1. Would you be able to say whether some residue in the range 114-132 is surrounded by fewer than 21 Cβ atoms within 10 Å (Cβ to Cβ), aromatic (Phe, Trp, Tyr) and either out of contact with any strand residue (DSSP E or B) (no Cβ under 9 Å at 6 or more places or on another chain) or not in a strand (DSSP E or B) (or both)?
2. Please go through the range 145-166 and pick out each residue that is surrounded by 14 or more Cβ atoms within 10 Å (Cβ to Cβ) and free of Cβ contacts under 8 Å to residues at least 24 places away in the same chain.
3. Taking the options Lys151, Lys47, Lys55, Lys93, name whichever one is more than 25 Å from Arg164 (Cα to Cα) and in a strand (DSSP E or B).
4. Name every residue in the range 62-77 that is under 18 Å from Phe126 (Cβ atoms) and either crowded, with 18+ Cβ neighbours inside 10 Å or among the charged types (D, E, K, R) (or both), in order of residue number.
5. Tally the residues that are at pLDDT below 90 and either touching a strand residue (DSSP E or B) at 6+ places or on another chain (Cβ under 7 Å) or of a type in the set (A, V, I, L, M, F, W, C) (or both), restricting the search to the range 150-166.
6. Looking only at the range 78-113, filter to residues that are surrounded by fewer than 18 Cβ atoms within 10 Å (Cβ to Cβ) and in contact with a Leu (Cβ under 7 Å, 6 or more places away or on another chain); which one of those is nearest to Lys47 (Cα to Cα)?
7. Only one of these is modelled with pLDDT of 90 or more, among the small types (Gly, Ala, Ser) and farther than 25 Å from Arg155 by Cα: Ala30, Ala18. Name it.
8. Considering only residues that are out of contact with any Pro (no Cβ under 9 Å at 6 or more places or on another chain) and under 18 Å from Asn120 (Cα atoms), which ones fall in the range 78-104?
Amino acid sequence: MKKLILIALVFCCIKVHAQSDNIYTYTTKAISIGPEVNVPFTNSNYKIGFGGSVKGEWPISEEVAFIGSGGVTKLFYKDEIIKNATDLFVPVKAGARYFFAPEFYTNLELGVSFGPSHYNTFAYGFGLGYLYRIKKHQGIDFGVQGERWGKNLLRQFAFRVGYRFD
């Protein structure tokens, strides 16, 4: 039992020491801007989408932040449905981001995707990402997010690379 307690104390000390050496803390507001590629899956009427988004980040603690995002996504129909046709969507979401390691995070977002007339739908997504720091207050944000818009409208993977500054 004493060995188990000693091992637990050593791991706690290592974790505390490793966190104190991290010069990149996430305790300041941040914003990122970047392009997105959207890849629908399942029985979607769309083949691919392109767009861009802006994400804001407001820290709650060193590991957790409130996030808000907005953007524009142009989705292209499959040719066998409607040749060369597109739909334009404006997703607006809010949620939380959790840094489970100094550069790696996961996030959950909920919101609305505004689209052509009757396509305004509830949207949600869960994603993973990596923040590569260029300088203390600048970085490149790489992320992938699985999203669902509406009950049957769209399920997709959204790949994003953003320039982040805080």
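The values are calculated or read from the model by the stated rules, or taken from the named source; none is laboratory data. None of these values were measured; they are calculated from a predicted model. Please note: Cβ atoms are built from the backbone with ideal geometry, for glycine as well, and neighbour counts cover all protein chains shown.
1. Within the range 114-132 (the criterion being surrounded by fewer than 21 Cβ atoms within 10 Å (Cβ to Cβ), aromatic (Phe, Trp, Tyr) and either out of contact with any strand residue (DSSP E or B) (no Cβ under 9 Å at 6 or more places or on another chain) or not in a strand (DSSP E or B) (or both)), the answer is yes, since at least one residue qualifies.
2. The one that is surrounded by 14 or more Cβ atoms within 10 Å (Cβ to Cβ) and free of Cβ contacts under 8 Å to residues at least 24 places away in the same chain: Gly146.
3. Values: Lys151 fails: in a strand (DSSP E or B); Lys55 fails: more than 25 Å from Arg164 (Cα to Cα); Lys93 fails: more than 25 Å from Arg164 (Cα to Cα).
Among Lys151, Lys47, Lys55, Lys93, only Lys47 is more than 25 Å from Arg164 (Cα to Cα) and in a strand (DSSP E or B).
4. Hits for the range 62-77 are Glu63, Ala65, Ile67, Ser69, Gly71, Thr73.
5. The total comes to 4.
6. Applying the filter and picking the extreme gives Thr86.
7. Ala30
8. Thr86, Val90, Pro91, Val92, Lys93, Ala94
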